[in-house]
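K.L.:
Here you go, one structure.
The values are calculated or read from the model by the stated rules, or taken from the named source; none is laboratory data. This structure is a prediction, so every number in the text was calculated from the model and none was measured. Positions of Cβ are backbone-derived with ideal geometry, glycine not excepted, and every protein chain shown enters the neighbour counts. Side chains included, ligands, DNA and RNA excluded: accessible areas come from the protein's heavy atoms. Shrake-Rupley method; radii C 1.70, N 1.55, O 1.52, S 1.80 Å.
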Amino acid sequence: MAMLAVDLDPDFSEAERAAWETAHRFARDVLRPAGQALDKLPAAEVFAPGSILWDVFDQYRELGLEMFDTQSDLTPAEQARIRYIVGEEMGWGDSGLAISLGVANFPTMMAQTSGNPALIERFPQGTLGCWAITEPDHGSDQINFDGAVNHPGGQDKRPNCIARLDGNQFVISGQKSAWVSNGTIAEAAALFCAVDLGGGRTGGGVFVVPLNEGGVSRGKPTDKIGQRALNQGEIFFNDLKVPADSMVIGPDLYRATADRILCMANGSMGTTFVGCARAAFELATDYAKERVQGGVTIFTHQSVKARLFKMYRQVEAARALNHRVLRINAAREVPLLEQAIASKVTSTQAAFDVASEAFQIFGGAGISRDCPIEKIFRDARLSMIEDGCNEVLGLVAASRF
Ligand SMILES: Cc1cc2nc3c(=O)[nH]c(=O)nc-3n(C[C@H](O)[C@H](O)[C@H](O)COP(=O)(O)OP(=O)(O)OC[C@H]3O[C@@H](n4cnc5c(N)ncnc54)[C@H](O)[C@@H]3O)c2cc1C
């Protein structure tokens, strides 16, 4: 059954095939078994010393998977394709771990974007990071940067987390939500929060801050239904003092930067959940060919084949859209948020629909916690909220038309 992008695409280069082979082996031999084992643990044990989670991080870094697309001889389009290939395999292996590994690089990336040597040195490659943007009172509105989908009656602009300039340093106080990925384990944050502009006015700012040097405490790891290998939890800033140049983006460029980061994050979510959908499709196809019921395999039934074909179409369509969006956005000075949102919403909906249909094809066998499909179904469900609720993202995208 040809389903992998590398099997079907006549234009795959040697570099792309090498990236795929490395990523697929890692996804099959490391990510998937680790994700299944971590799924069964209480939230606090997922990241305990000696947890398999730390092996996953070590092996990911040793293989250089976070850097595969940055080889200097590749064009932006080739980099985008490699990012896609690696990303789909990560999501195929385990979507929660794929997100944990992917978001870990955010503070380093923002430090590098700043061009500030001190920050680059302080947050080197390999720093375990997080993207702290949503707050207890600000979820959907944090990704609605220009307020385009605000309700006319909504006046609450009071941030839960704010940075105030005091001499040559910022003092950060308040908290981020219980959903910050890597929230209780991160060593550093790419912190998107309000900046006090004086006179009761606030703007947005992006900071790169350490989380292990005092002035910060954490909540309990969030115990949740899916993506259980992905650590999430609150971060509390108790008058954390950081040098003024920790603010890498100020209020003037905040909206454009937040747009760009959401583009990147939504594009990457799209890719991850094509992989998740493909995993569900493959498991269901294999099971349908094995399961004998009424004297024949269930694959013998026309209606089962028809359902599998619909799942196949959904995976291929989501993949095609993701490829197109990554290519378009890689070629643009300013990426198109509506395109990235289209790929995220399409892939995550496809992952949920395909996982749900796969679950049905497994029948009673699928409900056991020893069966991989029920986990994929739970993992896929979260993706329609993660990185922005799909329906709010849709409104944000449509406001750009
Ligand atoms: C698995 C996972 C990982 C996450 N990782 C991170 C992370 O790394 N960093 C981080 O900061 N956050 C993270 N989040 C938080 C995530 O971004 C938010 O959960 C999401 O943006 C929605 O915010 P909320 O949960 O506060 O929902 P709410 O904003 O309270 O929305 C609840 C419901 O109301 C609807 N609604 C709200 N506003 C509107 C509107 N204007 N128009 C129409 N309907 C509306 C929504 O569609 C939704 O159905 C993560 C969440 C999940 C589930």
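K.L.:
Of R369, R381, which residue is farther than 23 Å from N329 by Cα, within 11 Å of the ligand (Cβ to nearest atom) and among the charged types (D, E, K, R)?
P.N.:
The unique qualifying residue is R381.
K.L.:
What are the residues in the stretch 327-368 that are of a type in the set (V, I, T) and surrounded by 19 or more Cβ atoms within 10 Å (Cβ to Cβ), if any? Lay out the reasoning, then the answer.
P.N.:
Going residue by residue through the stretch 327-368, those that are of a type in the set (V, I, T) are 328, 334, 341, 345-346, 348, 354, 361, 367.
Of everything in the stretch 327-368, those that are of a type in the set (V, I, T) and surrounded by 19 or more Cβ atoms within 10 Å (Cβ to Cβ) turn out to be I341, V345, T346, T348, V354, I361.
Yes or no, residue by residue, for (1) assigned to a helix (DSSP H, G or I); (2) modelled with pLDDT of 90 or more; (3) of a type in the set (V, I, T):
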{"residue": "M3", "(1), (2), (3)": "no, no, no"}
{"residue": "V6", "(1), (2), (3)": "yes, no, yes"}
{"residue": "E16", "(1), (2), (3)": "yes, no, no"}
{"residue": "T22", "(1), (2), (3)": "yes, yes, yes"}
{"residue": "A27", "(1), (2), (3)": "yes, yes, no"}
{"residue": "A48", "(1), (2), (3)": "no, yes, no"}
{"residue": "D55", "(1), (2), (3)": "yes, yes, no"}
{"residue": "R61", "(1), (2), (3)": "yes, yes, no"}
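K.L.:
Another question about this same structure. Just the residues that are in a strand (DSSP E or B) and either within 8 Å of the ligand (Cβ to nearest atom) or within 23 Å of the chain's Cα centre (by Cα) (or both), please, taken from the stretch 166-183. Full working, then the answer.
P.N.:
The first filter runs over the stretch 166-183 and keeps only residues in a strand (DSSP E or B), leaving 166, 169-176, 181.
Q175, K176, S181, listed by residue number.
K.L.:
Report, by residue number, each residue of the stretch 179-213 that is at positive phi and either touching a residue at least 24 places away in the same chain (Cβ under 8 Å) or open to solvent by less than 10 Å² (accessible area, probe 1.4 Å) (or both).
P.N.:
Step one: of the stretch 179-213, the residues at positive phi are 182, 198-200.
The answer is N182, and nothing else.
K.L.:
Could you check, for the stretch 184-204, whether at least one of its residues is within 13 Å of the ligand (Cβ to nearest atom) and either polar (S, T, N, Q) or over 29 Å from V46 (Cβ atoms) (or both)? Full working, then the answer.
P.N.:
As a first pass, look at the stretch 184-204 and keep what is within 13 Å of the ligand (Cβ to nearest atom): 184-186, 189-193.
Next cut, either polar (S, T, N, Q) or over 29 Å from V46 (Cβ atoms) (or both) only: 184.
Yes, the stretch 184-204 contains at least one residue that is within 13 Å of the ligand (Cβ to nearest atom) and either polar (S, T, N, Q) or over 29 Å from V46 (Cβ atoms) (or both).
K.L.:
Right, another one. Out of all the residues in the stretch 75-132, which are crowded, with 24+ Cβ neighbours inside 10 Å, at pLDDT below 95 and among the charged types (D, E, K, R)?
P.N.:
R81
K.L.:
Taking the conditions exactly as written (under 20 Å from F57 (Cβ atoms), out of contact with any His (no Cβ under 6 Å at 6 or more places or on another chain) and crowded, with 19+ Cβ neighbours inside 10 Å), does L240 satisfy them or not? Write out each step before concluding.
P.N.:
Numbers: under 20 Å from F57 (Cβ atoms): no; out of contact with any His (no Cβ under 6 Å at 6 or more places or on another chain): yes; crowded, with 19+ Cβ neighbours inside 10 Å: yes.
Answer is no for this residue.
K.L.:
Considering only the stretch 360-400, state which residues are farther than 23 Å from L308 by Cα and free of Cβ contacts under 8 Å to residues at least 40 places away in the same chain.
P.N.:
Residues satisfying the conditions are I385, E391.
K.L.:
Against the condition open to solvent by less than 60 Å² (accessible area, probe 1.4 Å), away from the ligand (no atom under 15 Å from the Cβ) and out of contact with any Leu (no Cβ under 6 Å at 6 or more places or on another chain), how does A163 come out, does it pass?
P.N.:
Values: open to solvent by less than 60 Å² (accessible area, probe 1.4 Å): yes; away from the ligand (no atom under 15 Å from the Cβ): yes; out of contact with any Leu (no Cβ under 6 Å at 6 or more places or on another chain): yes.
It is true that A163 is open to solvent by less than 60 Å² (accessible area, probe 1.4 Å), away from the ligand (no atom under 15 Å from the Cβ) and out of contact with any Leu (no Cβ under 6 Å at 6 or more places or on another chain).
K.L.:
Quick check on my filter: what residues within the stretch 384-397 are more than 7 Å from the ligand (Cβ to nearest atom) and not β-branched (V, I, T)?
P.N.:
Of the stretch 384-397, the ones more than 7 Å from the ligand (Cβ to nearest atom) are 384, 390, 393-394, 396-397.
Of everything in the stretch 384-397, those that are more than 7 Å from the ligand (Cβ to nearest atom) and not β-branched (V, I, T) turn out to be M384, N390, L393, G394, A397.
K.L.:
I'd like to know if the stretch 47-60 contains one or more residues that are open to solvent by 20 Å² or more (accessible area, probe 1.4 Å), hydroxyl-bearing (S, T, Y) and over 20 Å from the mean Cα position of the chain (by Cα).
P.N.:
no
K.L.:
Might you let me know whether the stretch 306-327 holds any residue that is among the small types (G, A, S), more than 24 Å from Q227 (Cβ to Cβ) and not in a helix (DSSP H, G or I)? Outline the logic, then answer.
P.N.:
First pass over the stretch 306-327, keeping only residues among the small types (G, A, S): 306, 317-318, 320.
Filter once more, so that each one left must be more than 24 Å from Q227 (Cβ to Cβ): 306, 320.
If we keep only those that are not in a helix (DSSP H, G or I) as well, we get none.
Scanning the stretch 306-327 turns up no residue that is among the small types (G, A, S), more than 24 Å from Q227 (Cβ to Cβ) and not in a helix (DSSP H, G or I).
K.L.:
Additional query: Of all residues in the stretch 248-260, count the ones that are open to solvent by 10 Å² or more (accessible area, probe 1.4 Å) and in contact with a helix residue (DSSP H, G or I) (Cβ under 9 Å, 6 or more places away or on another chain).
P.N.:
Quick first cut of the stretch 248-260, residues open to solvent by 10 Å² or more (accessible area, probe 1.4 Å) only: 248-257, 259-260.
Remaining after also requiring in contact with a helix residue (DSSP H, G or I) (Cβ under 9 Å, 6 or more places away or on another chain): 248-249, 257, 259-260.
Number of matching residues: 5.
K.L.:
Now, a different point. Which helices (runs of 4 or more DSSP H) sit wholly inside the stretch 71-152 and have at least 2 residues that are within 13 Å of the ligand (Cβ to nearest atom)?
P.N.:
On the way: elements: 76-93, 95-103, 106-114, 117-122.
So the answer is 95-103, 106-114.
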